[in-house]
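Notes to accompany the following structure.
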Amino acid sequence: MIIETKELTKNYHHKDGLVVAIKNINLNFEQGDFVTITGPSGSGKTTLLLLLAGLIRPTSGRITFKGYDLHSASDNKLANIRSKHIGFIMQNFSLIPYLSVLNNVLIPLSLNQNGENTKSDYAVHLLESIGLKDRMNHLPKELSAGQQQRVAIARALVNKPNLILADEPTGNLDPALAIEILEVLKQINIENKITIIMVTHSPTASEYGNVRVHIKDGSIII
């Protein structure tokens, strides 16, 4: 088991009253799972992803990641866990426009300095493995949307994480590019046994998961 939630709940206070974004969710994922999370807009998918990342804290319940209790961990401990064990892939790529492709991939090293030279070599290896070694000195604006998302994937992998959290990683891509990116993610999942938890609206993307979770109104629908 890599990550587990027990009775996970997240409430927000709104001027119109209490909003229950996530309600009593129990999940258990193993190392190497490819998890897809689907559901309508506003169902709680992204909130769940933020909770699993330790970026927001639950109102009640528990999240355990690799034996760490994320609910009780300090902010510094959570940041350390994220920098060493978790990679992130976002819908809008989140690349820094004035940095080269290689330097964008190396950004996580600013949070985790250990073995920087070795990981610089690994970053080049990652770019080669996704077909972008010849673009590593280019700026993001010189790449296609699909290439930019590949850079974001390489950045998520540079610290050799145990877990990748992906929020609509194909949402800004046309169908052909979306399939291309999904195939890259599946290959990473199979070859490296990295757990991937991916939020998606796409029925096609959801089929890539060996574990599929559907959320409605903050609850898991079986």
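The values are calculated or read from the model by the stated rules, or taken from the named source; none is laboratory data. From a predicted model like this one, the values you see are computed outputs, not experimental measurements. All Cβ positions, even for glycine, are placed from backbone atoms using ideal geometry, and neighbour counts span all protein chains on display.
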Quiz item: Could we say that Asn104 is of a type in the set (S, T, N, Q) and loosely packed, with under 15 Cβ neighbours inside 10 Å here?
Solution: no
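Look through the range 132-147, keep the residues that are in contact with a Ser or Thr (Cβ under 8 Å, 6 or more places away or on another chain) and of a type outside the set (S, T, N, Q), and return whichever of them is surrounded by the most Cβ atoms within 10 Å (Cβ to Cβ).
Taking the range 132-147 as the starting set, the residues that turn out to be in contact with a Ser or Thr (Cβ under 8 Å, 6 or more places away or on another chain) are 136-139.
Checking the rest, the ones that are also of a type outside the set (S, T, N, Q) come to 136, 138-139.
Details: Met136: 19, His138: 15, Leu139: 16.
Going through the qualifying residues, I end up with Met136.
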Quiz prompt | Hits in the range 21-43 - residues which are surrounded by 16 or more Cβ atoms within 10 Å (Cβ to Cβ) and either more than 24 Å from Lys66 (Cβ to Cβ) or of a type in the set (S, T, N, Q) (or both) | solution = Ala21, Lys23, Thr36, Thr38, Gly39, Ser43
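A quick yes/no check of all residues on (1) closer than 22 Å to Ala205 by Cβ; (2) in contact with a strand residue (DSSP E or B) (Cβ under 6 Å, 6 or more places away or on another chain); (3) hydrophobic (A, V, I, L, M, F, W, C):
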position	(1), (2), (3)
Glu7	no, yes, no
His13	no, no, no
Ala21	no, yes, yes
Leu27	yes, yes, yes
Ser41	yes, no, no
Gly44	yes, yes, no
Leu52	yes, no, yes
Pro58	no, yes, no
Gly67	no, no, no
Exercise. Would you point out the residue of the range 135-170, among those that are part of a loop (DSSP other than H, G, I, E, B) and under 14 Å from the mean Cα position of the chain (by Cα), that is nearest to Val105 (Cα to Cα)?
Key: Val158
Practice problem: Check off (1) assigned to a helix (DSSP H, G or I); (2) at pLDDT below 90; (3) within 26 Å of Leu27 (Cα to Cα); (4) not acidic (Asp, Glu) for Thr204 and give me the number that stays unchecked. | Solution: (2)
Quiz prompt | Residues (part of a loop (DSSP other than H, G, I, E, B), out of contact with any Asp or Glu (no Cβ under 7 Å at 6 or more places or on another chain) and either at positive phi or at pLDDT below 90 (or both)) located in the range 73-120 | solution = Asn92, Phe93, Ser94, Leu111, Asn112, Gln113, Asn114, Gly115
Self-check item: Complete set of residues in the range 148-169 that are free of Cβ contacts under 8 Å to residues at least 40 places away in the same chain and surrounded by 19 or more Cβ atoms within 10 Å (Cβ to Cβ)
Solution: Arg150
